[in-house]
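Here is the structure we will look at, set down as structure tokens.
The values are calculated or read from the model by the stated rules, or taken from the named source; none is laboratory data. This structure is a prediction, so every number in the text was calculated from the model and none was measured. FYI the Cβ positions are ideal-geometry reconstructions off the backbone, even for glycines, and counts take in every protein chain you see.
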Amino acid sequence: MDMNRVKWWIGALTAVVGLTAAGSGALAAPAAATQKAAATAAAKANPAMVNNLTSSTLIPLVLYAREIYFYTNRGGSLAQLETFTHNGQEFRYLSRDLGTRQQLLHYVKKAYTHNAAAFYVQTQFLENQGRMAQVNADIGNLLEFHKAQATMLSKDTTKAVFELKVPYPNNTQNPETLIVKLKKVSGYWRIDMSPDTLF
């Protein structure tokens, strides 16, 4: 075989292999971006099922946890308000879907760890005649959690800590800086702090 021909084939093969390698590198970046976008979309679709915790998948979980907090904090779906007085303070019963300690705890654990949910139920609610109740008052804040920016501070296979910068409406004040602690429970991430301490 002619040596010039061998050199030509080796040069052509090297060029093809080089282009293939460069092409695969170019494809790796869009693939990673696609995976991140898919994980974020999955978190938005079902925030209770976040198993790949990142700064972008945390926000849907936090928004879901906030919904749970606001629902329990307002007493559930109160079609008819039932109140009673305990130690000189007016209380209201929670709606039937949250009416027992077990129901309330089960609902809160959709986004929070067992310990965080148990602490919340123990400190923010009262059991009266087998029904759960709370002080008849509404609380909350104006923070815009849907616009929050998350930064991972630490993470291992079972625990994570994030910093959230959460703005006020129309940026009327500087954003609040909050720390969110999480634990993995049965393969899915849950907030590991009482809802009233976060929201």
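Brief remarks on what is shown
- Out of ALA116, ALA150, sole residue that is assigned by TED's automatic domain parsing to the domain that holds LYS184, touching an Asp or Glu at 6+ places or on another chain (Cβ under 8 Å), within 29 Å of PRO169 (Cβ to Cβ) and surrounded by 13 or more Cβ atoms within 10 Å (Cβ to Cβ): ALA150
Here is a yes/no grid of residues against (1) modelled with pLDDT of 95 or more; (2) out of contact with any Ser or Thr (no Cβ under 8 Å at 6 or more places or on another chain); (3) under 27 Å from VAL166 (Cβ atoms):
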| site | (1), (2), (3) |
| --- | --- |
| ASN46 | no, yes, yes |
| ARG66 | yes, yes, yes |
| TYR93 | yes, no, no |
| VAL121 | yes, yes, yes |
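- Of the residues making up segment 176-192, just one is in contact with a Phe, Trp or Tyr (Cβ under 8 Å, 6 or more places away or on another chain) and part of a loop (DSSP other than H, G, I, E, B), namely ASP192.
- Test: residue in segment 51-64 that is of a type in the set (S, T, N, Q) and crowded, with 17+ Cβ neighbours inside 10 Å: yes
- Looking across segment 102-124, the residues that are over 15 Å from ILE68 (Cα atoms) and free of Cβ contacts under 8 Å to residues at least 40 places away in the same chain come down to GLN102, GLN122.
- Condition check for GLN134: part of a helix (DSSP H, G or I) and either touching a helix residue (DSSP H, G or I) at 6+ places or on another chain (Cβ under 9 Å) or of a type outside the set (Ser, Thr, Tyr) (or both): no
- Within segment 83-101, the set of residues being closer than 16 Å to TYR71 by Cα, surrounded by 16 or more Cβ atoms within 10 Å (Cβ to Cβ) and not hydroxyl-bearing (Ser, Thr, Tyr) comprises ARG92, LEU94, LEU98, GLY99, ARG101.
- Residue match in segment 145-152 (condition: small (Gly, Ala, Ser) and within 24 Å of ALA118 (Cα to Cα)): no
- Looking only at segment 85-121, residues that are hydroxyl-bearing (Ser, Thr, Tyr), under 23 Å from ARG190 (Cα atoms) and not in a helix (DSSP H, G or I) come to 3 in all.
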